[in-house]
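Trainee: I have a structure here, written as structure tokens, and I will follow up with some questions on it.
The values are calculated or read from the model by the stated rules, or taken from the named source; none is laboratory data. As the structure is a prediction and not an experimental result, all values here were calculated from the model. Please note: Cβ atoms are built from the backbone with ideal geometry, for glycine as well, and neighbour counts cover all protein chains shown.
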Amino acid sequence: MEKVNLVSGMRSTGKLHLGHYMGVITNWVQLQEEYNCFYFVADWHALTTKYNETENLRQDKLDVVLDWLACGIDPDKSTIYFQSNVLQIAELHILLSMITPNNWVERDPTLKDMVKILKNKDGDTSENMPQLSYGLLGYPVLMSADIMAMNGAVVPVGVDQLAHLEITRDIARRFNNIYKTELFNEPMPKLTQIPLLLGVDGQKMGKSFHNDIKISDDEETTSKKIMQCITDRSRARKDDPGHPDKCEVAYKYYEIFADSETVNQVNCECKAGQRGCADCKRQLGKIINEKFAPIRQKRIEYSKDINKVRDIINEGGKKAAAEAEKTMAKVREAVNI
Ligand code: TRP
Ligand code: SF4
């Protein structure tokens with residue numbers, strides 16, 4: 001049986017962190033076996049909010065792909081590309097924007113959240129819907145074009161993206177109705193269960209919060225960051241009995257990165273006051289460094305051969321464009337343009 005097409009993208013945020021790894025990338029790696037995967041860096045989407053901060057855009061895009069390759073996204077199995085290398089996506093975006101009612105995008109809750117965050121960053125805490133840029137308002141329409149151009153049937157996303165996906169399904173249906181065709185299927189979201197990985201300070205892990213551990217961090221940097229992890233705040237001395245369930249970050253990392261035997265041991269020793277937090281975090285740093293050592297090694301090798309990485313991206317772009325061109329030939333025909 002032929003594999004169905006799966007499409008997913010990430011905005012070009014630069015080097016990815018362990019939260020991306022545990023949530024999204026491990027999942028993408030597995031999906032490669034079951035689906036014909038199209039994985040792309042959504043650089044146009046990055047511009048919907050960061051149009052005036054493009055100094056690092058090219059490096060950021062490359063860094064995302066380097067992380068993917070290091071983690072096992074395999075160019076022999078999956079199509080890896082930059083969104084902006086597939087001009088057919090822009091063409092489809094224009095055509096879809098013509099048929100998308102204003103209020104569909106205006107009421108998109110994910111978009112409203114994005115706008116709220118943007119506003120807050122600039123010190124404006126107003127809950128009111130602010131003026132949107134034309135491009136940002138089109139965010140879910142562009143996402144629809146990403147998916148529909150590749151004839152995507154399955155789209156792995158986190159729960160925050162489901163509202164966008166709902167719009168994609170509506171747009172696909174509307175296109176078929178208006179142009180009396182069955183060209184598009186309604187792509188199904190595949191919800192990614194994302195284990196919550198907090199930043200070292202106990203807040204949401206994120207680049208802008210400076211509390212993240214990058215996949216590409218070296219051992220020393222990782223160890224240092226792990227030593228900053230929040231532990232059981234009620235514990236004063238190392239032979240006080242600790243509370244793993246109140247150890248806000250370090251123990252949670254153990255649960256995610258260590259084997260169950262180790263987790264049990266940490267749990268018992270902590271409760272018995274036989275384990276100091278500093279030693280505990282030193283061990284945690286080692287465990288994480290061991291886990292990521294082969295990935296980091298692979299990343300270093302790819303970065304030494306950056307032309308090969310560019311080739312992979314260019315080849316992927318050609319393959320994606322060929323797929324999108326097949327769709328667009330039918331779309332132009334259906335629209336009579
Ligand atoms: N909006 C997605 C995010 O921020 C990224 C994205 C862009 C995407 N286009 C897509 C995801 C198409 C899936 C399919 O995570
Ligand atoms: Fe957390 Fe380990 Fe300290 Fe216990 S000993 S509180 S598990 S860091």
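Trainee: I need the helices (runs of 4 or more DSSP H) fully contained in the stretch 112-206, keeping only those with at least 1 residues that are at pLDDT 95 or above and within 12 Å of ligand 1 (Cβ to nearest atom).
Mentor: Those helices (runs of 4 or more DSSP H) span 139-149, 162-178.
Trainee: Also: With the checklist (1) of a type in the set (Lys, Arg); (2) within 11 Å of ligand 2 (Cβ to nearest atom); (3) in a helix (DSSP H, G or I) in hand, flag the one item Arg235 doesn't pass.
Mentor: Condition (3) is where Arg235 drops out.
Trainee: For Thr231, which of the numbered conditions (1) in contact with a strand residue (DSSP E or B) (Cβ under 7 Å, 6 or more places away or on another chain); (2) within 30 Å of Met150 (Cβ to Cβ) fails to hold?
Mentor: Tallying (1) in contact with a strand residue (DSSP E or B) (Cβ under 7 Å, 6 or more places away or on another chain); (2) within 30 Å of Met150 (Cβ to Cβ), Thr231 fails exactly one: (2).
Trainee: Quick check on my filter: what residues within the stretch 271-298 are of a type in the set (Val, Ile, Thr) and either within 21 Å of Lys238 (Cβ to Cβ) or within 16 Å of ligand 1 (Cβ to nearest atom) (or both)?
Mentor: Ile287
Trainee: Please go through the stretch 239-274 and pick out each residue that is more than 8 Å from ligand 2 (Cβ to nearest atom) and not in a helix (DSSP H, G or I).
Mentor: Asp239, Asp240, Pro241, Glu248, Val249, Ala258, Asp259, Ala272, Gly273, Gln274
Trainee: Also: Which one of Cys280, Cys247 is touching a strand residue (DSSP E or B) at 6+ places or on another chain (Cβ under 8 Å) and surrounded by 15 or more Cβ atoms within 10 Å (Cβ to Cβ)?
Mentor: Answer to the selection: Cys247.
Trainee: While we're on this one: Kindly indicate whether any position in the stretch 46-60 is aromatic (Phe, Trp, Tyr), in a helix (DSSP H, G or I) and out of contact with any Phe, Trp or Tyr (no Cβ under 7 Å at 6 or more places or on another chain).
Mentor: The answer is no; no qualifying residue exists.
Trainee: Moving on to the next point. Please verify whether Asp76 is in a helix (DSSP H, G or I) and of a type in the set (Asp, Glu), treating the condition exactly as stated.
Mentor: no
Trainee: Continuing with this model, one more query. Test Glu219 against the stated conditions and say whether it is in contact (Cβ under 8 Å) with a residue 60 or more places away in the chain and on the phi < 0 side of the Ramachandran plot.
Mentor: In short, yes.
Trainee: Quick one: which residue in Ala324, Ala258, Ala272 is more than 27 Å from the chain's Cα centre (by Cα) and touching a residue at least 12 places away in the same chain (Cβ under 8 Å)?
Mentor: Going through Ala324, Ala258, Ala272 in turn, the sole match is Ala272.
Trainee: Quick check on this structure: which one of Ile117, Ile89 is buried (at least 22 other Cβ atoms within 10 Å of the Cβ) and not polar (S, T, N, Q)?
Mentor: Being buried (at least 22 other Cβ atoms within 10 Å of the Cβ) and not polar (S, T, N, Q) holds for just one of Ile117, Ile89, which is Ile89.
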